[in-house]
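Structure first, then comments.
The values are calculated or read from the model by the stated rules, or taken from the named source; none is laboratory data. Since the structure is predicted, the reported quantities are computational estimates derived from the model, not experimental observations. When we count neighbours, we look across all protein chains shown, and the Cβ atoms used for this are built from the backbone with ideal geometry, even at glycine.
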Amino acid sequence: MHSTDTRYQQLLDWLRIDLGRPVESIAPASSDASFRRYFRIHSEGQSHIVMDAPPPRENVRPFVAVAELLRNAGVQTPEIHAVDAERGFVLLGDFGSRIYLDELDEQTAESLYGDAMVSLLALQQGVNAAAVDLPAYDERLLRTELGIFREWFLEKWLALELSAGDAAMIEQVWATLVDSALEQPRVCVHRDYHSRNLMVTDEASPGVLDFQDAVLGPITYDLASLLRDCYVAWPADRVYRWMESYRQVLLEAKLLEESNAGQFRRWFDLMGMQRHLKAAGIFSRLNLRDAKPGYLRDIPRTLGYVMEAGRNYPELAGFVSFLEQRVVPRLTAEVPS
């Protein structure tokens, strides 16, 4: 990797020459679904994380701006020590390696999710939605994301041929999901608030990562990301109990103006459906376009959430049947064990 990886050599030169840091050791720290890479370095008795975000595929400026926005709101984001925005390098503080996904179990779930919801409230309450310049999670973006499901999951990966009736039914479902999202109160949305982007830290836990795509959007989006995680599942009654406890917190914080539990649950369910349909499409795209097949194993869980939530709403019965009868059998044959 090192001798032929020009980005890696440039990164080392930036650290050693531009920043004057003697790099005593460097190793991959993590990877994600983007083109970014992360390395952990040890230098002068300290540990840091270095982000490699190659332009033009990645842009570190939103990461830096949102990091400051969230930190000012009381969310623990990595401290930024140095930035080379033109070359796409960022030197960050190190939260360690205790990722939520590895730490969650029956004994720790209540505490860890409790901490995560405290941090989520800080994000939603501490960022003034009316004053910040974040992109809107509007109808165009919501529909673009749903389009990823149809294009990359149904058509390109499963090679499913859709009839005119299928297309009309899907369009009606999209309209239902988008309308539900747009009628919700708008807050700052992390947009990927889940167990792979939350770190257990000794103080002010969790440390929050991967926030550069933050937008202004529906109040249930990050809650659905957290509680109906693409990478770990919990019993539905437990998820709804956590959801209801957070709804009460939102009421007390006056981020919700009314206390209709049924409406909030519908928002939560349909918002989760939108997110998980998008995720199934993204996981398929990562496999087909980016040669990252590892995410395929998360599709059955992700699609399971869609069907589980959809069964609660009669107007979505046709879509659930479509998934059960046309999609799941083909999915079972395609997903590696």
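Is at least one residue of the stretch 53-67 closer than 25 Å to Val215 by Cα and part of a strand (DSSP E or B)?
There is no residue in the stretch 53-67 that is closer than 25 Å to Val215 by Cα and part of a strand (DSSP E or B).
Let's see how each residue does on (1) free of Cβ contacts under 8 Å to residues at least 40 places away in the same chain; (2) over 19 Å from the mean Cα position of the chain (by Cα):
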position	(1), (2)
Ala233	no, no
Asp237	yes, yes
Ser259	yes, yes
Arg266	no, yes
Leu288	no, yes
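Of (1) modelled with pLDDT under 95; (2) farther than 16 Å from Gly88 by Cα; (3) under 22 Å from the mean Cα position of the chain (by Cα), Ala27 satisfies all except one. Which?
The single condition Ala27 does not satisfy is (3).
Tell me, yes or no, whether the stretch 67-83 has at least one residue that is of a type in the set (S, T, N, Q) and more than 22 Å from Leu11 (Cβ to Cβ).
Yes - at least one qualifying residue is present in the stretch 67-83.
Please note which helices (runs of 4 or more DSSP H) are completely contained in the stretch 255-337 and include at least 1 residues that are of a type outside the set (Ser, Thr, Tyr) and touching a His at 6+ places or on another chain (Cβ under 6 Å).
299-310
Among (1) touching a residue at least 24 places away in the same chain (Cβ under 8 Å); (2) under 22 Å from Cys230 (Cβ atoms); (3) in a loop (DSSP other than H, G, I, E, B), there is one condition Met117 misses while meeting the rest; what is its number?
Here Met117 clears every test but (3).
Could you list, in sequence order, all residues of the stretch 192-220 that are under 20 Å from Ala136 (Cβ atoms) and without any contact (Cβ under 8 Å) to a residue 40 or more places away in the chain?
The one that is under 20 Å from Ala136 (Cβ atoms) and without any contact (Cβ under 8 Å) to a residue 40 or more places away in the chain: Asp192.
Residues checked against (1) more than 30 Å from Ala181 (Cα to Cα); (2) in contact with a Lys or Arg (Cβ under 7 Å, 6 or more places away or on another chain):
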{"site": "Gln46", "(1), (2)": "yes, no"}
{"site": "Pro54", "(1), (2)": "yes, yes"}
{"site": "Pro62", "(1), (2)": "no, no"}
{"site": "Thr77", "(1), (2)": "no, yes"}
{"site": "Leu92", "(1), (2)": "yes, no"}
